[in-house]
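Here's the structure, in structure tokens; my notes come after.
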Amino acid sequence: MIELTSQTLDPEKFTSVVRRSTNGAIVTFLGTTRDNFEGKGVLTLEYEAFDEMAVKKLEEVRQELMAEFGLDDVAIGHRTGTVAIGEISLVVAVGSPHRKDGFYACHKAVDRIKEVVPIWKKEVYEDGSRWVACEDHEFTHEHEAALQAGDG
Amino acid sequence: MTLLYFAWVREQIGRDAEEIALPADVQTVAALLDWLRSRGGGYASALEDLSVIRVAVNQEFAAPDHAVADGDEIALFPPVTGGAPS
């Protein structure tokens, strides 16, 4: 199950989707909005998405994870629009027969979402706002190599 | 050709989308970015540092040498930062 929504995310909705009698573990990640960046108070976060492509990429990540870990389902929900401090911006729920795969798959899902899903985050402070810079990582080896080869 | 802009690229260019007639000599992503930059103003400042620009052609990430054609949908945006706060 994939959901991209401007409404509040309910974690129970996502964990219940991956519940199976064959699963011994459900691992759920909740991404929540933090109230500070480098000591500066953050009022809200704003998430902007390229909706159509984001839904496609979320589904791709879901399929990737299911194939790699032999999972029946992965449920992902991402929030768009303004998200108040302490609210949930991302839910990833993974059900697996054993917990080791569940933990690993959930972690990888969050990392992959941050790499390939076209969603951007803006921190709003009392005295302005800032588009969060991407962490330095490669999202596909081919793309980064191509950027280096084609640049200049 | 449809151009879509997101995040600070959208803010600096000053619009979230536009339709353009693709010049005949613009045939790759790299050429399109150069052509947009040559428009000056917000285009030049948004596209000043191409290392922080990502491009999707018809909703698939595309390298600078990827072909572009009339009828394509091209999206320009910064590296993605969704998911969980770090």
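Per residue, what volume in Å³ does the convex hull of the Cα atoms of the range A:2-148 enclose?
Working: hull volume 18.1 nm³, N = 147.
So the per-residue Cα hull volume is 123 Å³.
Remind me, relative contact order of chain B in percent, using alpha carbon pairs under 8 angstrom and six or more residues apart?
Working: 134 pairs, mean separation 34.0, N = 86.
Relative contact order for chain B comes out at 40 percent.
Averaged across the residues of B:55-66, what count of C-beta atoms belonging to other chains lies within 10 Å of each residue's C-beta? Could you put the intermediate results ahead of the total?
Details: counts 2, 4, 0, 1, 8, 3, 9, 2, 9, 7, 3, 2.
Per-residue shielding by partner chains comes out at 4.
How about chain B: which trypsin sites (Lys or Arg not before Pro) there lie in a loop by DSSP and see at most 12 other Cβ atoms within 10 Å? The qualifying sites are B:Arg15, B:Arg39.
With the simple model of a label 7 Å out from the Cα in the direction of the Cβ, A:Met1 to A:Arg34 spans 2.9 nm. Residues whose amide H comes within less than 5 Å of that of A:Tyr125, counting only those at least five positions distant or on another chain, are A:Leu43, A:Arg130 (H built at 1.01 Å from N in the peptide plane). To the nearest 0.05, how large is the calculated FRET efficiency for A:Ala133 and A:Glu12 if R₀ is 35 Å and r is the Cβ-Cβ distance? Here the calculated transfer efficiency is 0.55. Peptide A:50-62 shows a mean partner chain C-beta count of 3 within 10 Å per residue C-beta. Once both labels are positioned 7 Å from their Cα atoms along Cα-to-Cβ, the gap between A:Asp72 and A:Asp51 label points is 3.2 nm. Phi-derived couplings, Karplus 6.51 cos²θ - 1.76 cosθ + 1.60 at θ = phi - 60°, listed residue by residue for the range A:41-52: x, 9, 7, 8, 10, 10, 10, 10, 10, 8, 3, 4 Hz, with x used for Gly and Pro. Residues in the range A:6-37, backbone N under 18 Å from the label point at A:Lys100 (7 Å along the Cα-to-beta-carbon vector): list them, ranges by number please. Under 18 Å, as judged by backbone N against the label point of A:Lys100, lie A:23-27 of the range A:6-37. Summarising the label geometry, the points placed 7 Å from Cα in the beta-carbon direction at B:Thr2 and B:Ala21 lie 2.1 nm from one another.
When DSSP beta bridges are restricted to pairs lying wholly in chain A, around 90% turn out antiparallel.
A quarter of the convex hull surface defined by the alpha-carbon atoms of the range B:2-77 gives 4.3 nm² as the mean projection.
We did not get these values from a lab; they are worked out from the coordinates using the rules stated. Because the structure is a prediction, the values reported are computed rather than measured. Neighbour counts are summed over all protein chains in view; Cβ atoms, including those assigned to glycine, are modelled from backbone coordinates with ideal geometry.
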